[in-house]
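The values are calculated or read from the model by the stated rules, or taken from the named source; none is laboratory data. Because the structure is a prediction, the values reported are computed rather than measured. Don't worry about glycine lacking a Cβ; one is built from the backbone with ideal geometry, like all the others, and counts go over all protein chains shown.
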């Protein structure tokens with residue numbers, strides 16, 4: 001009899017908990033609209049480079065359904081049919097697609113004018129979309145010194161980069177980039193190569209915690225080159241915040257195929273960030 005009571009109670013408890021489980025409701029989620037994604041790079045008094053791709057909705061992508069990954073997906077997202085111009089001080093420069101680097105566009109001889117607004121206009125006939133943005137070129141900050149020493153242990157090879165600069169007057173935000181000189185290196189990304197201008201590493205600084213001369217050492221692990229480029233730029237607070245968020249989420253393919261919906265953006269009608277910072281670039285030869 002006792003076992004029967006236990007069995008009955010078990011059934012009753014099961015029915016009670018089952019009745020607490022709500023019935024599944026159909027949920028219809030809309031796929032995010034495909035939009036243009038913009039990033040930019042400045043080579044001082046030489047050219048402006050714009051990288052153009054298109055976003056994709058996470059709900060519309062499924063590796064299980066045979067959707068492409070890696071380089072194939074990247075090739076599908078790059079945009080090479082757009083019309084791009086940069087306007088400044090009454091002049092307009094056209095950016096031309098780089099044949100060897102789909103999705104990259106470069107101007108010819110665009111000057112770097114301090115405290116000048118640059119306006120980017122993009123029209124892509126394939127998506128029938130127009131996006132635009134305006135950014136001011138801030139005062140240039142320059143290195144006082146840059147040096148580097150390569151060293152190794154039984155397990156690792158690394159390079160310590162020493163640099164210093166004089167903090168500008170006011171509230172400032174800085175970006176320091178480290179690039180390889182050679183495209184053949186694992187650490188690729190020369191600032192002078194339009195298709196390899198993604199830095200190996202980036203550090204961000206806010207002068208809220210320092211003033212006067214700033215000095216620091218940054219360690220690059222597994223460095224395989226005997227030289228490197230180091231650049232420093234004075235950037236806006238908004239771009240600083242944008243880069244800070246991107247650094248926290250580097251975990252999916254590459255920057256180009258991230259859908260930056262959750263990132264701040266100054267691109268009207270699209271995603272990404274247009275910036276015209278004026279870098280000071282130094283080539284360091286390692287002893």
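Looking at this structure, is residue 114 within 24 Å of residue 239 (Cα to Cα) and either in the same structural domain as residue 221 (by TED's automatic domain parsing) or touching a strand residue (DSSP E or B) at 6+ places or on another chain (Cβ under 9 Å) (or both)? Taking the combined requirement at face value, the residue satisfies it.
Residues that are touching a helix residue (DSSP H, G or I) at 6+ places or on another chain (Cβ under 7 Å) and within 15 Å of residue 46 (Cα to Cα): does the range 123-140 have at least one?
Start the filter on the range 123-140 by keeping residues that are touching a helix residue (DSSP H, G or I) at 6+ places or on another chain (Cβ under 7 Å), which leaves none.
So far as the range 123-140 goes, no, none of its residues is touching a helix residue (DSSP H, G or I) at 6+ places or on another chain (Cβ under 7 Å) and within 15 Å of residue 46 (Cα to Cα).
Here's a check for you: in the range 98-130, which residue that is under 20 Å from the mean Cα position of the chain (by Cα) and more than 22 Å from residue 268 (Cβ to Cβ) is modelled with the highest pLDDT? Only one residue tops the list, namely 106.
Against the conditions (1) in contact with a helix residue (DSSP H, G or I) (Cβ under 9 Å, 6 or more places away or on another chain); (2) modelled with pLDDT of 95 or more, residue 272 satisfies every one except (2). Residues in the range 211-226 that are closer than 14 Å to residue 286 by Cα and more than 24 Å from the chain's Cα centre (by Cα): 226 only.
Taking residue 264 as the residue in question, decide whether it is more than 15 Å from residue 38 (Cα to Cα), at pLDDT below 90 and either under 17 Å from the mean Cα position of the chain (by Cα) or part of a loop (DSSP other than H, G, I, E, B) (or both). Judged against the criteria, residue 264 is not a match. Answer yes or no: is there a residue in the range 96-113 that is part of a strand (DSSP E or B), touching a residue at least 40 places away in the same chain (Cβ under 8 Å), out of contact with any helix residue (DSSP H, G or I) (no Cβ under 9 Å at 6 or more places or on another chain) and under 29 Å from residue 215 (Cα atoms). Within the range 96-113, none of the residues are part of a strand (DSSP E or B), touching a residue at least 40 places away in the same chain (Cβ under 8 Å), out of contact with any helix residue (DSSP H, G or I) (no Cβ under 9 Å at 6 or more places or on another chain) and under 29 Å from residue 215 (Cα atoms). Answer with yes or no whether residue 70 is more than 23 Å from the chain's Cα centre (by Cα) and modelled with pLDDT under 90. The answer is no for residue 70.
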